[in-house]
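Engineer: Structure below; questions to follow.
A short reminder: the numbers here are calculations on the coordinates, not readings from a lab. None of these values were measured; they are calculated from a predicted model. Please note: Cβ atoms are built from the backbone with ideal geometry, for glycine as well, and neighbour counts cover all protein chains shown.
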Amino acid sequence: MEVPTIQSCCEPVLAEALDGGDAEELAAGFKVLADPVRLRLISLIANAPSGEMCACDLVEPTGRTQPTVSHHLTILTDAGLVSREQRGKWAYFRVEPGRVAILRDALATPRLPEPTSPEGSVPMPTPGMFSPT
């Protein structure tokens, strides 16, 4: 799987229409995260107490073989979502928050005006508005 490095992209997709290049770049980034093993790896690494994990410690929690984990870590590294540091024979991985933020920010919801009734004076009901507290 050829993976382009995720770069700074664009305005949130709900704020303005994407051009073709931005859409392709974002789609490639989301495709990297669309695999459950890679999503789990990002989550495990990001939540490690030290903020990093050895590849050797990612095999058991994912339930995958070492070659499979290495394959997925390579894809995440190629996309720039994690960085890799070699320490002797062990490889340690750390999440790159700036790169993850590019994808998160692309889905950010812009502040929209409050919906109003057709008459323009009464707020429209919102989900949970009438739920007992």
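Engineer: Tell me, in nm to one decimal, what length is gained between Leu44 and Thr68 on full extension, where the rule is 0.36 nm per residue of separation less the Cα-Cα distance?
Structural biologist: 7.1 nm
Engineer: State to the nearest 20 debye the size of the charge dipole of the stretch 21-106 about its Cα centre, where the only charges are +1 on K and R beta carbons and -1 on D and E beta carbons.
Structural biologist: That gives the stretch 21-106 a dipole magnitude of about 300 debye.
Engineer: Would you please give the FRET efficiency between Asp57 and Ala108, computed as 1/(1 + (r/R0)^6) with r the Cβ-Cβ distance and R0 = 35 Å, to the nearest 0.05?
Structural biologist: With R0 = 35 Å, the Cβ-Cβ based efficiency is 0.60.
Engineer: Most exposed first by the Cβ proxy, i.e. fewest other Cβ within 10 Å, how do Arg99, Arg84 rank?
Structural biologist: Arg84, Arg99
Engineer: Quick query: amide H of Val82 versus all other amide H atoms, modeled in the peptide plane; which residues come in under 5 Å with a sequence gap of 5 or more or a different chain?
Structural biologist: Thr77, Glu96
Engineer: Let me ask something else about it. Determine the gain in length on full extension of the stretch Lys31-Ala101; use 0.36 nm per residue of separation and subtract their C-alpha separation, reporting nm with one decimal.
Structural biologist: Contour length minus the Cα-Cα distance gives 23.7 nm.
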